[in-house]
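These notes are about the structure you will find just below.
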Amino acid sequence: MAGSAVLTGGAREEEEPWIVEHPKFKEMMKLDVADSTQVYAAFLVYMDLLEVRNWTSVQILGSSELHVIYLCGKEKDDNMPQVIIPTPVTMSCSHERIQQFLKLNQTSEEDQSSACSVLLAIVETDSTIVYYKLTDGFVIPDPPDFAEDVDNKRWKKKKLRLLR
């Protein structure tokens, strides 16, 4: 196939020609802030959020400082917006880089008065996506719903250990 470019995100252009022709993929490429691998990962995450997970108000944003395309959207209409950082599995993340990612939620155009959560979306070469919630420091988990866990023997043992 003459003149075909290679997307280094796990798919080649001749295998997935519809992706490079998709308007949102072209929009991401026009941002010119990230390499083709990261753009490909961002596109896959964008499609997963909209088509599979039914998120709303998903915006495509870019950071020329971090050389990354990121997304901002809501899981449900009444939820707080979340920043999603698509990352190819081949890209390494240092502690400093994660700290920079956490600052993206403060610079997003959505409600700046309250901190929204940041999700790191790691895209495998086979298009599998794993989402990790990033926090700045430790977060104490919400207690389980006691009505459902009253009969759970493991929860009772754990509760006894915590009360000691």
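The values are calculated or read from the model by the stated rules, or taken from the named source; none is laboratory data. In this text the structure is predicted, and so the values were computed from the model without any measurement. Heads up, the Cβs are rebuilt from the backbone with ideal geometry, glycines too, and the neighbour counts pull from every protein chain shown. With ligands, DNA and RNA removed, areas are computed over all heavy atoms of the protein, side chains included. Shrake-Rupley method; radii C 1.70, N 1.55, O 1.52, S 1.80 Å.
Over 21 Å from MET47 (Cβ atoms), among the hydrophobic types (A, V, I, L, M, F, W, C) and modelled with pLDDT of 70 or more - does that describe any residue in segment 69-90? Among the residues of segment 69-90, at least one is over 21 Å from MET47 (Cβ atoms), among the hydrophobic types (A, V, I, L, M, F, W, C) and modelled with pLDDT of 70 or more, which makes the answer yes. Restricting the first member to segment 105-126 and to residues that are closer than 14 Å to GLY73 by Cα and modelled with pLDDT under 55, and the second to residues that are open to solvent by 80 Å² or more (accessible area, probe 1.4 Å) and hydroxyl-bearing (Ser, Thr, Tyr), no beta-carbon pair is closer than 6 Å while six or more apart or on different chains.
Of all the criteria given as (1) at pLDDT 90 or above; (2) outside any strand (DSSP E or B); (3) touching an Asp or Glu at 6+ places or on another chain (Cβ under 8 Å), the one not satisfied by LEU102 is (1). Taking the conditions (1) at pLDDT 75 or above; (2) open to solvent by 40 Å² or more (accessible area, probe 1.4 Å); (3) touching a helix residue (DSSP H, G or I) at 6+ places or on another chain (Cβ under 8 Å); (4) farther than 17 Å from THR37 by Cβ in turn, LEU134 satisfies each one other than (2). With respect to VAL52, is the statement that it is of a type outside the set (Lys, Arg), open to solvent by 20 Å² or more (accessible area, probe 1.4 Å) and within 12 Å of the chain's Cα centre (by Cα) true? Criteria not met by VAL52. For segment 55-77, a residue qualifies if it is surrounded by fewer than 19 Cβ atoms within 10 Å (Cβ to Cβ) and assigned to a loop (DSSP other than H, G, I, E, B), and the qualifying residues are SER64, GLU65, LEU66, HIS67, GLU75, LYS76, ASP77.
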